[in-house]
Amino acid sequence: MVMGLVAVVAGACAPALELVGDPTTHSAAGEHAELDSPPPNTPARVASRATAAGAALRHDPIDPHEIDETPAVLDARVARARHCADGRSSLRLQDDLRDLSDMQAWRERARAFVRCALGVDQREGAPLDLQVHQETRIDGGVTRLRISYALGDTYRGQALRVPAFLFVPATDHPVPAVIVYHGHGEGKIAVAERENTPEGALGREIARRLGYVVLAPDSRTFGDFGFAEHGAYYRSLTSQNPTDAYIARLAGDGERDMRVLRSLPGVDATRIGVAGVSMGSWRAMLHAVIQPSVQAVVISALYLPFSELFSPIHDPCQHAPTLAAMLGMQDLALSLSDRALMIQWGGHDGAFSARARTLLDATRVAFDAIGASDHLHVDVDPDRGHEFGRSAAPSFLSNQLGPGASEVHDP
């Protein structure tokens, strides 16, 4: 199917895309994984578990005043958050969920809020205009395409296009697909072939090892998407609109990435995953929250409380304080508790702070409290740094998304 897929793409467009100390993957229940499953949701048990989940999350309160110095900016962001939350004062699980039987409704409220707060729905109708620029056969029975597609957004009057690599295995049946988002650095090329980077060529590894279609796009201002200097660009967004943010633009760009995958005849749209490292980890988290069809998520090297992520310690391009007015990082994770979530950290990662460890432990407790421990997988390797777990991530995705192309083999 690889040649057919390439032909369809090219033909449709004008020619010219541990916990700590334990390096193994395990469920959120950890050493208690063999205990009996949670009892039926009797009213008393539901209330007890919901209370336990709420208590586990209370360690990370955040006051929007801690993020913003300008009252006008703060007022604009709080007003936007309240509008997107339909007038609610909080969407945090411990504040907004009264009964576990309402968990799905809470997930949908959280998803709708994130989409609205980030302005994700503003570019849905723009044509994709997918183009193939180069085709390269690599080992493992995989073809790598250099593609681009319209973003549906502009910068200083210039229509923006996403440069990306698309890995396509040789297969005669639809296979799973994974989007892999890079962090700060070289962009998509690190996902495609740079092994000695935080990305570790994970996109190529997934395509060759699992036989999946893999999309590796450049984020705005990175790699071949260098239409502006990174810092100047993300600062310009907020200066023009205090509720705008660089990471919000990337979340909207994810809609385009999903459209690319759904347009390909070789992709099984019911088996889609996303993975990201560092900045790409935060992008992957938001992408999964707003895309309910994503079934498996790998968050590597940036699962942090908002009070830390949105502080001067971390690059302001990752700040989205409008979200913090209503939700915490752990709430975003819990909104994915009906799917499969892997959180990765390295023991030598300088970003793996004491508060990050506390958040990780609290998230495990919360998943267990709502009866979703099997959906959370934690991979903390004491010998790893700020990087993907290149062995654990593909194994997790394979277990969650199933078999890929049978013709693909380990190189």
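Taking a point 7 Å from the Cα of Val365 along the Cα-to-Cβ direction, the residues of the range 76-110 with backbone N closer than 16 Å to it are 93-95. If you plug the beta carbon distance of Ala228 and Val73 into 1/(1 + (r/R0)^6) with R0 = 35 Å, you get a FRET efficiency near 0.95. In the range 318-405, taking the dipole from charged Cβ atoms about the Cα centre, the farthest positive-side position among Leu376, Ala351, Pro321 is held by Pro321.
From the mean inverse distance of alpha carbon pairs (Kirkwood) and the Cα radius of gyration, derive Rg over Rh for the range 143-240.
Details: Rg = 14.9 Å, Rh = 14.4 Å.
That ratio is 1.04, to two decimals.
Electrostatic bookkeeping for Ala201 treats Lys and Arg as +1 and Asp and Glu as -1; over the other residues with beta carbon under 12 Å from its beta carbon, the sum is +1.
May I ask you to compute the full-extension gain from Arg98 to Asp129, defined as 0.36 nm times their residue separation minus their alpha-carbon distance, rounded to one decimal in nm? List each step's numbers first, then the result.
Working: separation 31, 0.36 × 31 = 11.16 nm, distance 4.55 nm.
My answer for the length gained is 6.6 nm.
Diagonalising the gyration tensor over the Cα atoms of the range 219-340 and scaling each eigenvalue by 5 before taking the square root yields semi-axes of 24, 19, 12 Å, largest first. The trypsin sites (Lys or Arg not before Pro) of the range 107-172 that meet both conditions, a loop assignment by DSSP and at most 11 other Cβ atoms within 10 Å of the site Cβ, are Arg156.
Spin-label model, Asp121 to His184: label points 7 Å out along the Cα-to-beta-carbon direction sit 3.4 nm apart. Loop-located GluC sites (Glu not before Pro) in the range 135-239 (DSSP state other than H, G, I, E, B) with a sparse environment of at most 12 neighbouring Cβ atoms within 10 Å: Glu195, Glu229.
Checking every one of the chymotrypsin sites (Phe, Trp or Tyr not before Pro) in the range 361-396 against DSSP loop status and a limit of 10 other Cβ atoms within 10 Å picks out no site at all.
For Ala269 and Gln240 in one chain, what is 0.36 nm times their gap in residues minus the Cα-Cα distance, to one decimal in nm? Can you show the working numbers first?
On the way: separation 29, 0.36 × 29 = 10.44 nm, distance 3.69 nm.
Here the answer is 6.7 nm.
Considering the range 92-191, its Cα convex hull presents a mean projected area of 10.9 nm².
Every number in this text was worked out from the coordinates using simple rules, so none of it is lab data. Note that the structure is predicted; figures quoted are calculated from it, not measured. Positions of Cβ are backbone-derived with ideal geometry, glycine not excepted, and every protein chain shown enters the neighbour counts.
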